[in-house]
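Notes follow the structure.
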Amino acid sequence: MDQSVFRITKELSDLQKDSDLSLAVACRDVDVRNVKAMIIGPHETPYEFGFFEFVFVFNKNYPRSSPQVQATTTNDGRTRFNPNIYANGKVCLSILGTWRGERGEQWSAAQGLESILLSIQSLMSMNPYENEPGFEDAKEAHDQKNQKDYIQKIRHETIRISVVHRLEEYLGINPDGTFAPTSVGGEIASLGSGESDMDILDEESSVPFEPFKDLCKRRFLWYYDSYLAAVEKGKSEVKDNQSFARMPFESHGNGMEGKFNYTELEKRLKVIKAALDAETEGWAAEGLQAKAQETTVAVNLQRQFEQVVEHFKRRDLAHSIELEDGNPFVWLVTYFGKPMTNLDGGLFRIRLCFSARFPEEQPRARFETKIFHHRIAADGTPCYFAPQNRREDVRTHLEAIIDALEEESPPYDPRTLVNPEAFKLFWGSADDRKMYNRRLRRSVQQSMEEF
């Protein structure tokens with residue numbers, strides 16, 4: 001095997017095995033030199049939980065020479081998201097040779113795909129205005145105003161372009177909230193053979209390679225409340241139809257121009273959320289069709305269901321699992337709270353829905369019993385991570401959900417911020433944690449009454 005291909009393949013494999021919730025990479029099996037990558041914007045920055053995509057092209061001299069990197073989340077070349085990320089997609093980094101840097105900052109063979117992604121991610125800072133050369137120590141009054149104005153418009157366009165535009169395209173939603181005529185509930189209705197965007201496609205194929213579609217849909221459900229919170233913050237700071245301020249380093253064709261309209265963004269976010277919920281519900285009907293046709297996915301899920309039930313019996317676990325209306329694409333899990341914890345005595349119903357395109361489309365879980373928990377969104381969506389190499393194993397998903405629910409001393413990770421109110425209390429002061437525990441216990445007690 002070509003040494004550069006071997007190196008690229010290993011780096012892709014290592015990144016895909018990693019549990020980093022903010023980076024994702026993919027390529028077609030037939031072409032590992034062309035890689036797509038996604039960076040999810042860091043917490044407490046104007047890029048928070050945005051979906052930013054990049055294309056990497058590796059030549060035969062890699063890793064002796066750096067790859068070419070192009071940003072593709074640019075609003076069709078009209079939006080510059082950062083002083084170092086141009087509207088035409090150019091990424092200015094010294095390690096890429098696209099920007100002059102200090103001695104020792106140039107590319108070396110010790111660097112790789114992950115180090116480039118982390119370097120780009122570091123550009124998405126709390127105050128990106130300072131990334132522009134000569135503005136690092138800008139402290140004048142007009143600079144402080146510019147910094148605030150720059151943050152405000154980046155936050156708005158992060159939601160509008162990287163989140164709303166992307167999800168509307170995935171779901172077939174027009175900006176006015178109507179759906180494309182070929183879609184049902186936003187997603188093109190097709191059971192077909194179960195092929196997905198990740199299948200190997202011929203280079204001349206007109207079908208786009210969209211490896212992050214399912215990831216973005218699931219993360220949207222994680223971060224939905226955070227997007228709404230950002231909209232509310234924006235509404236308190238600017239008025240609708242107020243024009244963006246131009247920065248000193250921006251120019252026509254390489255800037256961020258437009259107007260604020262948080263009222264419209266809020267409506268569009270809610271339409272996307274409703275469409276995703278409808279899509280998930282639609283999986284049940286698709287599943288019954290697949291079951292009747294005895295598709296590979298249907299047979300596989302039925303077999304896995306029987307194995308998981310047997311596994312729970314062998315381990316003498318109190319949790320119970322059943323199929324909704326005998327449909328192997330909808331699992332109903334009754335979780336019994338772990339003894340001697342804040343969950344003790346709780347009874348929670350979890351609904352796990354599967355697509356006919358599983359595992360390319362990962363399952364979507366929801367707690368139907370209300371619970372106040374920092375890893376469970378207000379609508380019941382749990383934040384959990386199933387290892388990439390086990391994503392086809394349903395038991396791994398169930399165990400990951402339970403682990404996220406029961407973990408008492410997790411490491412601080414803002415990428416798991418799916419319930420802003422609970423997250424703030426859990427990671428706040430000692431009094432905040434006491435309040436969190438009280439509210440969790442109250443929801444546990446109420447779960448028994450509701451059940």
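The values are calculated or read from the model by the stated rules, or taken from the named source; none is laboratory data. Keep in mind that what you see is a predicted model, and the values were worked out from it rather than measured. A quick note on method: Cβ atoms are made from the backbone with ideal geometry, for glycine too, and the neighbour counts reach across all protein chains shown. We work out accessible area using only protein heavy atoms, side chains counted, and drop any ligands, DNA or RNA first. Shrake-Rupley method; radii C 1.70, N 1.55, O 1.52, S 1.80 Å.
Before we move on, is Arg303 over 26 Å from the mean Cα position of the chain (by Cα), outside any loop (DSSP other than H, G, I, E, B), of a type in the set (D, E, K, R) and more than 30 Å from Thr74 (Cβ to Cβ)? Considered against the rule, which asks whether it is over 26 Å from the mean Cα position of the chain (by Cα), outside any loop (DSSP other than H, G, I, E, B), of a type in the set (D, E, K, R) and more than 30 Å from Thr74 (Cβ to Cβ), Arg303 comes out as yes. Of all residue pairs spaced 6 or more apart or on separate chains, those with beta-carbon atoms under 8 Å, a first member in region 386-397 that is farther than 19 Å from Val309 by Cα and a second member that is of a type in the set (Val, Ile, Thr) and part of a helix (DSSP H, G or I) are Ala386/Thr396; Pro387/Thr396.
The single condition among (1) at pLDDT 95 or above; (2) closer than 20 Å to Trp283 by Cα that Arg391 does not satisfy is (1). Take the conditions (1) surrounded by 18 or more Cβ atoms within 10 Å (Cβ to Cβ); (2) within 23 Å of the chain's Cα centre (by Cα); Leu118 misses just one of them, which is (1). Comparison of Ser409, Ser447 shows that the only residue that is in contact with a Gly (Cβ under 8 Å, 6 or more places away or on another chain) and among the hydroxyl-bearing types (Ser, Thr, Tyr) is Ser447.
Residues are listed down the side, and each one gets a yes or a no for (1) in a helix (DSSP H, G or I); (2) within 25 Å of Glu210 (Cα to Cα):
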residue	(1), (2)
Phe56	no, yes
Trp99	no, no
Leu118	yes, yes
Met126	no, no
Phe135	no, no
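Residue count for region 376-419 under the criterion of being within 21 Å of Pro211 (Cβ to Cβ), outside any loop (DSSP other than H, G, I, E, B) and among the basic types (Lys, Arg): the result is 2. Exactly one residue out of Ser206, Ser190, Ser226 is small (Gly, Ala, Ser), under 19 Å from the mean Cα position of the chain (by Cα) and either part of a loop (DSSP other than H, G, I, E, B) or at pLDDT 95 or above (or both), and it is Ser226. Within region 21-73, being closer than 30 Å to Leu417 by Cα, surrounded by 22 or more Cβ atoms within 10 Å (Cβ to Cβ) and small (Gly, Ala, Ser) holds for Ala24, Ala37, Gly41, Gly50, Ala71.
Restricting region 341-361 to residues that are in contact with a Ser or Thr (Cβ under 6 Å, 6 or more places away or on another chain), open to solvent by less than 30 Å² (accessible area, probe 1.4 Å) and part of a strand (DSSP E or B), the residue that is nearest to Glu450 (Cα to Cα) is Phe348. The number of residues in region 64-110 being of a type in the set (Val, Ile, Thr) and touching a Phe, Trp or Tyr at 6+ places or on another chain (Cβ under 6 Å) comes to 3. In region 56-74, the residues that are touching a residue at least 12 places away in the same chain (Cβ under 8 Å) reach residues that are part of a strand (DSSP E or B) and open to solvent by 80 Å² or more (accessible area, probe 1.4 Å) with C-beta atoms within less than 7 angstrom, at least six apart or across chains, in these pairs: Val57/Gln68.
If the condition is being open to solvent by 20 Å² or more (accessible area, probe 1.4 Å) and small (Gly, Ala, Ser), then region 74-93 contributes only Gly77.
Among the residues of region 416-451, those identified as open to solvent by 70 Å² or more (accessible area, probe 1.4 Å), under 28 Å from Ile39 (Cβ atoms) and of a type outside the set (Phe, Trp, Tyr) are Glu421, Lys424.
Do you know which of the residues in region 139-182 that are aliphatic (A, V, I, L, M), open to solvent by 20 Å² or more (accessible area, probe 1.4 Å) and part of a helix (DSSP H, G or I) is modelled with the highest pLDDT? Among residues in region 139-182 that are aliphatic (A, V, I, L, M), open to solvent by 20 Å² or more (accessible area, probe 1.4 Å) and part of a helix (DSSP H, G or I), the one modelled with the highest pLDDT is Ile151.
Checked against the criterion of being without any contact (Cβ under 8 Å) to a residue 24 or more places away in the chain, closer than 29 Å to Tyr47 by Cβ and open to solvent by less than 50 Å² (accessible area, probe 1.4 Å), the candidates Ala400, Ala404 yield just one match: Ala400. The number of residues in region 362-383 that are more than 23 Å from Arg438 (Cα to Cα) and either open to solvent by 30 Å² or more (accessible area, probe 1.4 Å) or not charged (D, E, K, R) (or both) comes to 3.
As a summary of the residue check, Lys259 satisfies the conditions (1) of a type in the set (Lys, Arg); (2) free of Cβ contacts under 8 Å to residues at least 24 places away in the same chain; (3) surrounded by 15 or more Cβ atoms within 10 Å (Cβ to Cβ) except for the one numbered (3). The residues of region 1-48 that are assigned to a loop (DSSP other than H, G, I, E, B), under 30 Å from Arg160 (Cα atoms), touching a helix residue (DSSP H, G or I) at 6+ places or on another chain (Cβ under 6 Å) and not small (Gly, Ala, Ser), listed by number, are Leu21, His43, Pro46, Tyr47.
With respect to Lys270, is the statement that it is of a type in the set (D, E, K, R), open to solvent by 10 Å² or more (accessible area, probe 1.4 Å) and over 28 Å from the mean Cα position of the chain (by Cα) true? In short, no.
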